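The values are calculated or read from the model by the stated rules, or taken from the named source; none is laboratory data. Keep in mind it's a predicted model, so treat the numbers as computed, not measured. Cβ placement follows ideal geometry from the backbone for every residue including glycine, while neighbour counts extend to all protein chains displayed. Side chains included, ligands, DNA and RNA excluded: accessible areas come from the protein's heavy atoms. Shrake-Rupley method; radii C 1.70, N 1.55, O 1.52, S 1.80 Å.
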Amino acid sequence: MNQRLIRRIGLFWSLFGLYLGALGQPPRGPLVVSPQVNADKSVTFRYLAPQAKDVQLSAQFEKGPVPMSKDAQGIWSVTVGPVKPDIYPYSFRVDGVTVMDPANVAFFPNERFKASLVDVPGDTPLIHAMRDVPHGSINYEYYPSIAGTTGSLVVYTPPGYDQSPTKKYPVYYLISGTTDTEETFFKVGKTNLILDNLIAEGKAKPMIIVMPYGNIAARVAEQKGGSKPADPTVRDGADAVKRANDFAEDLVSNVIPYIEKAYRAIPNRENRAIGGFSRGGGQTLRTAFNNMDKFAWVCAYSSYLSPQEMDGNFSQIVAKPEQTNKQLKLLWVSVGSDDFLYKGTVEFMDYLKAKQVNFKSLITDGGHTWMNVKTYVAATTPLLFR
(Lines give C-alpha, C1' and ligand atoms only; values in the text may rest on other atoms or scores of the structure.)
Protein backbone atom coordinates (compact mmCIF):
# COMPACT_ATOMS: atom_id res chain seq x y z
CA MET A 1 0.00 0.00 0.00
CA ASN A 2 1.56 3.32 -1.04
CA GLN A 3 2.04 6.23 1.37
CA ARG A 4 -0.54 8.46 -0.40
CA LEU A 5 -3.28 5.85 0.09
CA ILE A 6 -2.32 5.38 3.73
CA ARG A 7 -2.57 9.14 4.33
CA ARG A 8 -5.99 9.26 2.65
CA ILE A 9 -7.28 6.39 4.79
CA GLY A 10 -5.93 8.06 7.92
CA LEU A 11 -7.57 11.36 6.97
CA PHE A 12 -10.87 9.60 6.33
CA TRP A 13 -10.92 7.94 9.76
CA SER A 14 -9.88 11.17 11.47
CA LEU A 15 -12.75 13.07 9.88
CA PHE A 16 -15.15 10.20 10.62
CA GLY A 17 -14.08 10.26 14.27
CA LEU A 18 -14.71 14.00 14.47
CA TYR A 19 -18.14 13.44 12.91
CA LEU A 20 -19.05 10.79 15.49
CA GLY A 21 -17.77 13.05 18.28
CA ALA A 22 -19.97 15.86 17.03
CA LEU A 23 -22.98 13.55 17.05
CA GLY A 24 -22.29 12.76 20.73
CA GLN A 25 -22.16 16.42 21.78
CA PRO A 26 -25.21 18.39 22.91
CA PRO A 27 -26.35 21.09 20.51
CA ARG A 28 -24.42 24.31 20.93
CA GLY A 29 -25.88 27.75 20.63
CA PRO A 30 -24.79 31.22 21.64
CA LEU A 31 -23.19 31.68 25.07
CA VAL A 32 -25.82 32.27 27.76
CA VAL A 33 -24.90 34.07 30.98
CA SER A 34 -27.48 33.41 33.67
CA PRO A 35 -28.12 34.59 36.28
CA GLN A 36 -26.37 37.94 35.99
CA VAL A 37 -26.46 39.99 39.20
CA ASN A 38 -26.12 43.65 38.31
CA ALA A 39 -24.56 46.47 40.32
CA ASP A 40 -27.96 47.88 41.32
CA LYS A 41 -29.04 44.43 42.71
CA SER A 42 -31.30 43.79 39.74
CA VAL A 43 -30.86 40.32 38.24
CA THR A 44 -30.98 39.29 34.58
CA PHE A 45 -32.04 35.74 33.79
CA ARG A 46 -31.55 34.10 30.38
CA TYR A 47 -32.64 30.81 28.83
CA LEU A 48 -31.84 29.48 25.36
CA ALA A 49 -34.92 27.94 23.75
CA PRO A 50 -35.37 29.01 20.09
CA GLN A 51 -38.39 26.76 19.53
CA ALA A 52 -40.24 27.59 22.76
CA LYS A 53 -43.52 29.48 22.58
CA ASP A 54 -43.58 30.79 26.15
CA VAL A 55 -40.93 31.07 28.88
CA GLN A 56 -41.50 32.45 32.35
CA LEU A 57 -39.30 33.06 35.37
CA SER A 58 -40.44 31.64 38.71
CA ALA A 59 -38.42 33.00 41.63
CA GLN A 60 -38.99 33.01 45.38
CA PHE A 61 -38.54 36.78 45.54
CA GLU A 62 -41.41 37.31 43.07
CA LYS A 63 -45.13 37.02 43.85
CA GLY A 64 -45.84 35.12 40.65
CA PRO A 65 -44.40 34.03 37.27
CA VAL A 66 -42.63 36.75 35.27
CA PRO A 67 -42.87 36.62 31.43
CA MET A 68 -39.58 36.56 29.51
CA SER A 69 -38.85 37.94 26.02
CA LYS A 70 -37.03 36.17 23.16
CA ASP A 71 -34.33 37.77 21.00
CA ALA A 72 -33.23 36.90 17.45
CA GLN A 73 -30.85 34.20 18.71
CA GLY A 74 -33.62 32.41 20.59
CA ILE A 75 -32.46 33.57 24.03
CA TRP A 76 -35.28 34.42 26.41
CA SER A 77 -34.45 37.01 29.07
CA VAL A 78 -35.88 39.23 31.77
CA THR A 79 -34.39 41.66 34.30
CA VAL A 80 -36.09 41.95 37.69
CA GLY A 81 -35.40 43.81 40.89
CA PRO A 82 -33.62 45.31 42.64
CA VAL A 83 -33.68 42.17 44.79
CA LYS A 84 -33.01 42.13 48.53
CA PRO A 85 -29.59 40.50 49.09
CA ASP A 86 -29.91 36.79 49.92
CA ILE A 87 -29.84 33.37 48.26
CA TYR A 88 -33.03 32.46 46.38
CA PRO A 89 -34.30 29.42 44.46
CA TYR A 90 -35.66 30.00 40.96
CA SER A 91 -36.60 28.05 37.84
CA PHE A 92 -37.96 28.56 34.33
CA ARG A 93 -41.35 27.45 33.05
CA VAL A 94 -40.88 26.53 29.40
CA ASP A 95 -44.13 25.85 27.52
CA GLY A 96 -45.64 24.65 30.78
CA VAL A 97 -42.66 22.53 31.92
CA THR A 98 -40.58 23.64 34.93
CA VAL A 99 -36.82 23.36 34.35
CA MET A 100 -33.58 24.37 36.03
CA ASP A 101 -31.27 26.99 34.58
CA PRO A 102 -28.74 25.03 32.44
CA ALA A 103 -26.30 27.97 32.57
CA ASN A 104 -26.07 27.81 36.38
CA VAL A 105 -24.19 25.16 38.38
CA ALA A 106 -25.79 26.11 41.73
CA PHE A 107 -28.93 24.08 42.44
CA PHE A 108 -31.38 23.23 45.23
CA PRO A 109 -31.13 19.56 46.34
CA ASN A 110 -34.66 18.25 46.79
CA GLU A 111 -36.59 15.03 46.17
CA ARG A 112 -39.49 16.65 44.33
CA PHE A 113 -38.05 19.59 42.47
CA LYS A 114 -34.70 20.86 41.22
CA ALA A 115 -34.47 24.62 41.33
CA SER A 116 -31.44 26.74 40.58
CA LEU A 117 -30.01 29.24 43.09
CA VAL A 118 -29.10 32.89 42.70
CA ASP A 119 -26.94 34.63 45.30
CA VAL A 120 -27.50 38.39 45.51
CA PRO A 121 -24.64 39.72 47.67
CA GLY A 122 -25.02 42.52 50.15
CA ASP A 123 -22.94 45.68 50.09
CA THR A 124 -21.69 44.45 53.45
CA PRO A 125 -21.10 40.67 53.31
CA LEU A 126 -24.04 38.72 54.73
CA ILE A 127 -23.55 36.09 57.42
CA HIS A 128 -23.61 33.28 54.83
CA ALA A 129 -21.18 34.96 52.43
CA MET A 130 -17.77 33.52 51.59
CA ARG A 131 -15.36 35.68 53.60
CA ASP A 132 -11.62 35.77 54.07
CA VAL A 133 -11.67 33.77 57.31
CA PRO A 134 -10.45 30.28 58.29
CA HIS A 135 -12.77 27.65 56.82
CA GLY A 136 -13.93 24.28 58.04
CA SER A 137 -14.41 21.16 55.97
CA ILE A 138 -17.40 19.31 54.51
CA ASN A 139 -17.30 15.51 54.46
CA TYR A 140 -19.72 12.98 52.98
CA GLU A 141 -20.18 9.90 55.15
CA TYR A 142 -22.02 6.57 54.85
CA TYR A 143 -23.06 4.53 57.89
CA PRO A 144 -24.91 1.26 58.67
CA SER A 145 -28.56 2.21 59.16
CA ILE A 146 -31.87 0.56 60.03
CA ALA A 147 -33.35 -2.36 58.07
CA GLY A 148 -29.92 -3.28 56.73
CA THR A 149 -29.63 -0.10 54.66
CA THR A 150 -26.78 2.37 54.27
CA GLY A 151 -27.44 5.90 55.44
CA SER A 152 -25.80 9.10 54.22
CA LEU A 153 -24.59 12.16 56.11
CA VAL A 154 -22.97 15.49 55.39
CA VAL A 155 -20.59 16.48 58.20
CA TYR A 156 -19.06 19.89 58.86
CA THR A 157 -15.89 20.10 60.92
CA PRO A 158 -14.79 23.55 62.12
CA PRO A 159 -11.62 25.43 61.20
CA GLY A 160 -8.62 23.91 62.93
CA TYR A 161 -10.17 20.46 63.36
CA ASP A 162 -7.48 18.69 61.34
CA GLN A 163 -4.68 20.73 62.90
CA SER A 164 -5.66 19.84 66.50
CA PRO A 165 -5.73 16.02 66.58
CA THR A 166 -6.44 15.77 70.32
CA LYS A 167 -9.16 18.40 70.66
CA LYS A 168 -12.77 17.24 70.97
CA TYR A 169 -15.87 19.15 69.91
CA PRO A 170 -19.59 19.39 70.66
CA VAL A 171 -21.97 18.21 67.94
CA TYR A 172 -25.08 19.80 66.45
CA TYR A 173 -27.36 17.32 64.62
CA LEU A 174 -29.21 19.41 62.03
CA ILE A 175 -32.11 17.94 60.03
CA SER A 176 -33.60 19.24 56.77
CA GLY A 177 -37.27 19.57 55.88
CA THR A 178 -39.73 17.46 53.94
CA THR A 179 -38.37 16.45 50.51
CA ASP A 180 -35.00 18.08 51.25
CA THR A 181 -31.84 15.97 51.30
CA GLU A 182 -28.82 15.75 53.58
CA GLU A 183 -27.14 18.32 51.29
CA THR A 184 -29.72 21.09 51.67
CA PHE A 185 -28.40 22.69 54.87
CA PHE A 186 -24.98 22.75 53.18
CA LYS A 187 -25.81 23.81 49.62
CA VAL A 188 -28.83 26.06 50.28
CA GLY A 189 -28.51 26.91 53.98
CA LYS A 190 -24.75 27.60 53.68
CA THR A 191 -24.40 26.34 57.25
CA ASN A 192 -20.69 25.78 56.83
CA LEU A 193 -20.06 29.40 55.82
CA ILE A 194 -22.34 30.74 58.56
CA LEU A 195 -20.36 28.80 61.16
CA ASP A 196 -17.02 29.78 59.65
CA ASN A 197 -18.00 33.45 59.92
CA LEU A 198 -19.51 33.24 63.41
CA ILE A 199 -16.51 31.31 64.73
CA ALA A 200 -14.13 33.85 63.19
CA GLU A 201 -16.06 36.65 64.92
CA GLY A 202 -15.92 34.81 68.25
CA LYS A 203 -19.72 34.55 68.33
CA ALA A 204 -20.06 30.75 68.10
CA LYS A 205 -18.09 27.94 69.63
CA PRO A 206 -16.33 25.61 67.21
CA MET A 207 -18.59 22.60 66.70
CA ILE A 208 -19.18 19.62 64.46
CA ILE A 209 -22.44 19.77 62.51
CA VAL A 210 -24.00 16.51 61.30
CA MET A 211 -26.65 16.78 58.57
CA PRO A 212 -28.56 13.49 58.09
CA TYR A 213 -31.10 12.51 55.45
CA GLY A 214 -34.53 12.69 57.05
CA ASN A 215 -36.69 10.47 54.81
CA ILE A 216 -35.83 7.04 56.23
CA ALA A 217 -38.86 5.35 54.62
CA ALA A 218 -37.82 6.51 51.14
CA ARG A 219 -34.26 5.31 51.59
CA VAL A 220 -35.34 1.89 52.84
CA ALA A 221 -37.72 1.53 49.88
CA GLU A 222 -35.04 2.60 47.41
CA GLN A 223 -32.40 0.21 48.73
CA LYS A 224 -34.82 -2.69 49.13
CA GLY A 225 -36.25 -2.36 45.62
CA GLY A 226 -39.60 -0.86 46.62
CA SER A 227 -41.47 2.26 45.59
CA LYS A 228 -40.90 5.52 47.40
CA PRO A 229 -43.88 6.10 49.74
CA ALA A 230 -45.92 9.28 49.57
CA ASP A 231 -45.39 11.85 52.31
CA PRO A 232 -47.79 11.66 55.29
CA THR A 233 -50.89 13.76 54.76
CA VAL A 234 -51.34 14.65 58.46
CA ARG A 235 -48.36 16.18 60.28
CA ASP A 236 -49.14 14.46 63.59
CA GLY A 237 -50.94 11.41 62.19
CA ALA A 238 -49.91 7.85 62.98
CA ASP A 239 -47.81 7.49 59.82
CA ALA A 240 -45.93 10.75 60.45
CA VAL A 241 -45.25 9.82 64.07
CA LYS A 242 -44.02 6.34 63.12
CA ARG A 243 -41.64 7.77 60.53
CA ALA A 244 -40.38 10.31 63.06
CA ASN A 245 -39.82 7.53 65.58
CA ASP A 246 -37.93 5.49 62.97
CA PHE A 247 -35.75 8.51 62.32
CA ALA A 248 -35.16 8.97 66.05
CA GLU A 249 -34.18 5.31 66.41
CA ASP A 250 -31.73 5.62 63.53
CA LEU A 251 -30.22 8.85 64.86
CA VAL A 252 -29.78 7.63 68.43
CA SER A 253 -28.80 4.02 67.69
CA ASN A 254 -26.76 4.44 64.50
CA VAL A 255 -25.81 8.01 63.60
CA ILE A 256 -24.58 9.18 67.00
CA PRO A 257 -22.43 6.08 67.64
CA TYR A 258 -20.98 6.35 64.13
CA ILE A 259 -20.12 10.04 64.57
CA GLU A 260 -18.64 9.54 68.03
CA LYS A 261 -16.40 6.78 66.67
CA ALA A 262 -15.39 8.49 63.42
CA TYR A 263 -15.00 12.06 64.76
CA ARG A 264 -13.61 13.67 67.89
CA ALA A 265 -17.02 14.35 69.41
CA ILE A 266 -17.61 14.97 73.11
CA PRO A 267 -19.95 12.06 73.99
CA ASN A 268 -22.42 13.52 76.48
CA ARG A 269 -25.79 15.27 76.39
CA GLU A 270 -24.39 18.66 77.41
CA ASN A 271 -22.35 18.62 74.20
CA ARG A 272 -25.12 17.38 71.89
CA ALA A 273 -27.64 19.67 70.21
CA ILE A 274 -30.41 18.76 67.81
CA GLY A 275 -32.31 21.04 65.45
CA GLY A 276 -34.31 20.96 62.26
CA PHE A 277 -36.50 22.77 59.76
CA SER A 278 -40.13 21.89 58.98
CA ARG A 279 -40.41 18.07 59.06
CA GLY A 280 -36.89 18.07 60.45
CA GLY A 281 -38.11 20.32 63.26
CA GLY A 282 -40.87 17.86 64.11
CA GLN A 283 -38.31 15.05 64.07
CA THR A 284 -36.12 17.21 66.31
CA LEU A 285 -38.81 17.73 68.95
CA ARG A 286 -39.94 14.10 68.98
CA THR A 287 -36.40 12.78 69.10
CA ALA A 288 -35.33 15.17 71.84
CA PHE A 289 -38.41 14.76 74.04
CA ASN A 290 -38.10 10.97 73.83
CA ASN A 291 -34.36 11.09 74.55
CA MET A 292 -33.82 13.76 77.18
CA ASP A 293 -30.72 11.86 78.31
CA LYS A 294 -29.12 12.46 74.90
CA PHE A 295 -29.68 16.16 74.10
CA ALA A 296 -29.48 19.36 76.15
CA TRP A 297 -30.01 21.84 73.28
CA VAL A 298 -33.10 21.74 71.03
CA CYS A 299 -33.93 24.07 68.11
CA ALA A 300 -37.20 23.88 66.14
CA TYR A 301 -37.25 25.99 62.97
CA SER A 302 -40.72 26.52 61.44
CA SER A 303 -42.11 23.50 63.26
CA TYR A 304 -44.13 22.46 66.28
CA LEU A 305 -45.96 19.66 68.06
CA SER A 306 -49.69 19.98 68.69
CA PRO A 307 -51.02 20.26 72.26
CA GLN A 308 -52.80 16.94 71.69
CA GLU A 309 -49.56 15.17 70.79
CA MET A 310 -47.72 16.83 73.66
CA ASP A 311 -50.39 15.72 76.16
CA GLY A 312 -50.63 12.24 74.68
CA ASN A 313 -46.98 11.38 74.00
CA PHE A 314 -44.82 13.81 75.95
CA SER A 315 -46.66 14.44 79.18
CA GLN A 316 -43.37 13.98 81.05
CA ILE A 317 -42.08 17.18 79.45
CA VAL A 318 -44.85 19.37 80.80
CA ALA A 319 -45.84 17.48 83.97
CA LYS A 320 -42.65 18.57 85.72
CA PRO A 321 -41.60 21.84 84.08
CA GLU A 322 -38.94 22.53 86.71
CA GLN A 323 -37.17 19.30 85.77
CA THR A 324 -37.53 19.98 82.03
CA ASN A 325 -36.18 23.50 82.43
CA LYS A 326 -33.20 22.14 84.32
CA GLN A 327 -32.50 19.49 81.68
CA LEU A 328 -32.83 21.71 78.61
CA LYS A 329 -30.16 24.36 78.34
CA LEU A 330 -31.99 25.70 75.29
CA LEU A 331 -35.40 25.07 73.75
CA TRP A 332 -35.78 27.31 70.69
CA VAL A 333 -38.88 27.82 68.51
CA SER A 334 -38.94 30.14 65.47
CA VAL A 335 -41.23 30.79 62.51
CA GLY A 336 -41.99 33.36 59.80
CA SER A 337 -45.13 35.48 60.03
CA ASP A 338 -46.20 34.35 56.54
CA ASP A 339 -45.26 30.70 57.10
CA PHE A 340 -48.11 28.22 56.53
CA LEU A 341 -47.05 26.66 59.86
CA TYR A 342 -47.23 29.99 61.71
CA LYS A 343 -50.52 29.32 63.48
CA GLY A 344 -49.51 25.89 64.76
CA THR A 345 -46.08 27.12 65.83
CA VAL A 346 -47.49 30.06 67.79
CA GLU A 347 -50.02 27.69 69.39
CA PHE A 348 -47.08 25.50 70.44
CA MET A 349 -45.32 28.52 71.96
CA ASP A 350 -48.49 29.45 73.87
CA TYR A 351 -48.81 25.85 75.08
CA LEU A 352 -45.23 25.81 76.39
CA LYS A 353 -45.75 29.14 78.09
CA ALA A 354 -48.94 27.94 79.77
CA LYS A 355 -47.13 24.81 80.98
CA GLN A 356 -44.25 26.97 82.29
CA VAL A 357 -41.68 25.31 80.04
CA ASN A 358 -38.93 27.81 79.27
CA PHE A 359 -38.07 28.52 75.64
CA LYS A 360 -36.60 31.21 73.42
CA SER A 361 -38.45 32.29 70.31
CA LEU A 362 -38.07 34.36 67.18
CA ILE A 363 -40.81 35.40 64.78
CA THR A 364 -39.47 36.82 61.52
CA ASP A 365 -41.01 38.22 58.37
CA GLY A 366 -41.42 35.92 55.40
CA GLY A 367 -42.63 32.40 54.87
CA HIS A 368 -41.52 28.78 54.89
CA THR A 369 -38.22 29.55 53.18
CA TRP A 370 -34.54 28.78 53.39
CA MET A 371 -33.91 32.50 53.61
CA ASN A 372 -35.50 32.31 57.06
CA VAL A 373 -33.69 29.08 57.90
CA LYS A 374 -30.32 30.79 57.45
CA THR A 375 -31.50 33.51 59.84
CA TYR A 376 -32.48 30.90 62.44
CA VAL A 377 -29.18 29.02 62.14
CA ALA A 378 -27.26 32.28 62.55
CA ALA A 379 -29.37 33.19 65.59
CA THR A 380 -29.19 29.85 67.41
CA THR A 381 -25.67 28.52 66.87
CA PRO A 382 -24.12 31.30 68.98
CA LEU A 383 -26.33 30.12 71.88
CA LEU A 384 -25.21 26.50 71.74
CA PHE A 385 -22.74 24.90 74.14
CA ARG A 386 -22.31 28.03 76.26
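Checking each residue in the range 369-386 for being surrounded by 22 or more Cβ atoms within 10 Å (Cβ to Cβ) and among the charged types (D, E, K, R) picks out only 374.
Put simply, of 56, 36, 60 the only residue that is open to solvent by 60 Å² or more (accessible area, probe 1.4 Å), at pLDDT 95 or above and within 29 Å of the chain's Cα centre (by Cα) is 36. In the set (1) within 18 Å of residue 236 (Cβ to Cβ); (2) part of a helix (DSSP H, G or I); (3) open to solvent by less than 20 Å² (accessible area, probe 1.4 Å); (4) among the hydrophobic types (A, V, I, L, M, F, W, C), the condition left unmet by residue 346 is number (3).
Of all residues being among the hydroxyl-bearing types (Ser, Thr, Tyr) and part of a strand (DSSP E or B) in the range 113-144, which is most open to solvent (accessible area, probe 1.4 Å)? Just the residue, please. Of everything passing the filter in the range 113-144, 142 is most open to solvent (accessible area, probe 1.4 Å). None of 221, 147 is on the phi < 0 side of the Ramachandran plot and out of contact with any Gly (no Cβ under 7 Å at 6 or more places or on another chain) except 221. When the range 356-368 is filtered for residues that are open to solvent by less than 20 Å² (accessible area, probe 1.4 Å) and under 16 Å from the mean Cα position of the chain (by Cα), only 367 remains. In summary, residue 123 fulfils each of the numbered conditions (1) modelled with pLDDT under 95; (2) of a type outside the set (Gly, Ala, Ser); (3) farther than 28 Å from residue 41 by Cα with the single exception of condition (3).
Residues that are touching a residue at least 12 places away in the same chain (Cβ under 8 Å) and acidic (Asp, Glu) within the range 323-362 comprise 338, 339, 347, listed in sequence order. Determine whether residue 264 is basic (Lys, Arg), open to solvent by 20 Å² or more (accessible area, probe 1.4 Å), in contact with a Lys or Arg (Cβ under 9 Å, 6 or more places away or on another chain) and more than 27 Å from residue 325 (Cα to Cα). Yes; evaluated as a whole, the condition is true for this residue. Counting only residues that are at pLDDT below 95 and either closer than 15 Å to residue 116 by Cβ or within 26 Å of the chain's Cα centre (by Cα) (or both), the range 66-75 holds 0 of them. If only residues of the range 39-53 that are among the hydrophobic types (A, V, I, L, M, F, W, C) and over 26 Å from the mean Cα position of the chain (by Cα) are counted, the one that is farthest from residue 102 (Cα to Cα) is 39. Annotation for the range 203-214: at least one member residue is over 20 Å from residue 274 (Cβ atoms) and over 13 Å from the mean Cα position of the chain (by Cα). Taken over the range 39-82, residues that are at positive phi and touching a residue at least 60 places away in the same chain (Cβ under 8 Å) amount to 1.
Yes/no per residue for (1) on the phi < 0 side of the Ramachandran plot; (2) among the aliphatic types (A, V, I, L, M); (3) modelled with pLDDT under 95:
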{"site": "274", "(1), (2), (3)": "yes, yes, no"}
{"site": "282", "(1), (2), (3)": "yes, no, yes"}
{"site": "295", "(1), (2), (3)": "yes, no, no"}
{"site": "298", "(1), (2), (3)": "yes, yes, no"}
{"site": "316", "(1), (2), (3)": "yes, no, yes"}
{"site": "328", "(1), (2), (3)": "yes, yes, no"}
{"site": "332", "(1), (2), (3)": "yes, no, no"}
